[in-house]
1. Just the residues that are among the hydroxyl-bearing types (Ser, Thr, Tyr) and in a loop (DSSP other than H, G, I, E, B), please, taken from the range 183-196.
2. Look through the range 413-437, keep the residues that are open to solvent by 90 Å² or more (accessible area, probe 1.4 Å) and among the hydrophobic types (A, V, I, L, M, F, W, C), and return whichever of them is nearest to the chain's Cα centre (by Cα).
3. Can you list the helices (runs of 4 or more DSSP H) lying wholly within the range 330-411 that have 1 or more residues being of a type in the set (S, T, N, Q)?
4. Which residue pairs have Cβ atoms under 8 Å apart, sit 6 or more places apart or on different chains, and have a first residue in the range 335-360 that is basic (Lys, Arg) and a second that is surrounded by fewer than 17 Cβ atoms within 10 Å (Cβ to Cβ)?
5. Can you confirm whether ASP102 is open to solvent by 20 Å² or more (accessible area, probe 1.4 Å) and touching a residue at least 24 places away in the same chain (Cβ under 8 Å)?
6. Quick one: count up the residues across the range 181-200 that are over 20 Å from the mean Cα position of the chain (by Cα) and either among the acidic types (Asp, Glu) or within 16 Å of ligand 1 (Cβ to nearest atom) (or both).
7. Among the residues of the range 74-89, is any within 16 Å of ligand 1 (Cβ to nearest atom), at pLDDT 95 or above and not aromatic (Phe, Trp, Tyr)?
8. Exactly one of (1) surrounded by 11 or more Cβ atoms within 10 Å (Cβ to Cβ); (2) in contact with a strand residue (DSSP E or B) (Cβ under 7 Å, 6 or more places away or on another chain) is unmet by PRO20. Its number?
Amino acid sequence: MSYFKNVSAIQFEGKGSDNPFAFKHYDPKQVVLGKTMEEHLRFAVAYWHTFNANGTDPFGSATMVRGWDQFNGLDRAKARVEANFEFMDKLNIPFYAFHDVDIAPEGETLQETNKNLDVIVAMLKDNMKQSGKKLLWNTVNMFSHPRFVHGAGTTCNADVYAYAGAQLKKGLEVGKELGAENYVFWGGREGYETLLNTDMGFELDNLARLYHMAIAYAKEIGFDAQFLIEPKPKEPTKHQYDFDAATTIAFLQKYGLKDHFKLNLEANHATLAGHTFEHEIRTAAINGMLGSLDANQGDLLLGWDTDEFPTDLYSTTLTMYEVLKAGGLGRGGVNFDAKVRRGSFEAEDLFLAHIAGMDSFAWGLKAAAKLIDENILDGIVENRYRSFKEGIGADIVAGKATLASLEQYALQNNPIKNESGRQERIRLMLSEVIFSV
Ligand code: XLS
Ligand code: NI
Ligand code: NI
């Protein structure tokens, strides 16, 4: 059964095209800096936003018109699988990502839930085999069900912790079964509301224990996906423990977990933390922790995770610049953790939104490649730090300087001269590059 009858396969038609159902920038086979766009970008469809979201918000009911909603329970889950592969095929997207509860309905008991999962996982596996589509990552949702009201790995209730462990175990088995390239941990309820009732140190110790168990189990079953943690500063809890890249890296280091994880960074989470996306990517990259990207954008006028499709070219350009400079995404990819607005309720909007995101990233990739090719920013940065290339600067870098040698130098170096950083000029150069590709 077709769920997107009105849409045929989306083709690259180039900049001159006025067909909304075509790519203007994303040309999968176009080579950019030695790799095809497809290889650089590794796009993924987020199951939850595409096949589960129905447009409800705190003030209103569902708006989305979705063919699979004519079914219920397992039948609807099966319909979503069909829709997913039709969608990926028509959009030419190679990867997808899901939470356990996105693909199969939860049963009354853990046994029943796992049985539902087995049915759908078998169906996904078949479809993957036939289509060649791959799983960028899977994860388990340990935040929606009421049992997780006080957290999962950081709950105050050992029974809930045990349930979380069981759910995680199944998640790892599902990932292995489907050959997931990565496995994501986003600590939905791992955080707290008030210290008045919270043992923060204990909760973090327990979270680390759960991660150690996950590493051990993945090893035991031979699941070799890259583990990723996805930082977010707030929402749903007031203080999410994995606040941002830096906080998460410190946590991993403290608990001896750093070598087993990388980060899955999300644009809207970065802005909620008061950072740019590129700041988060750079922080990960300089620590060898860049794993994968959840591509979306927030609304800077609103203080929550609006998960909009990424269309801001400055952001996609600087994102891809960071990715290229870091040597690429490796096993990671660009997962559209983004949802169509409540008013964009037609099934076609799912295509238009993904095309917007894919073209914006392809455009950003081309601009970033030009920045690198023409040595535009590197040249500026290199020149800015040139005082560390010789004399006292070179001594500092070589580890030869002491406070006494610095003093000796400073005493005879008066007055000190600084130079302008020329930000405004550089920003205009960036605009020129973006609109030239
Ligand atoms: C929520 C997160 C979530 C993760 C996967 O804000 O972005 O969707 O990506 O659990
Ligand atoms: Ni995300
Ligand atoms: Ni998010």
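1. Selection gives THR194 alone.
2. Of everything passing the filter in the range 413-437, PHE435 is nearest to the chain's Cα centre (by Cα).
3. Counting at least 1 such residues, we get 347-373, 376-384, 403-411.
4. ARG342/ASP57; ARG342/GLY60; ARG342/THR63
5. No.
6. Of the residues in that region, 2 qualify.
7. No, there is no match, as no residue in the range 74-89 is within 16 Å of ligand 1 (Cβ to nearest atom), at pLDDT 95 or above and not aromatic (Phe, Trp, Tyr).
8. Unmet condition: (2).
The values are calculated or read from the model by the stated rules, or taken from the named source; none is laboratory data. Keep in mind that what you see is a predicted model, and the values were worked out from it rather than measured. Don't worry about glycine lacking a Cβ; one is built from the backbone with ideal geometry, like all the others, and counts go over all protein chains shown. The protein model used for the area step is the full one, side chains on, heavy atoms only, and it has no ligands, DNA or RNA in it. Shrake-Rupley method; radii C 1.70, N 1.55, O 1.52, S 1.80 Å.
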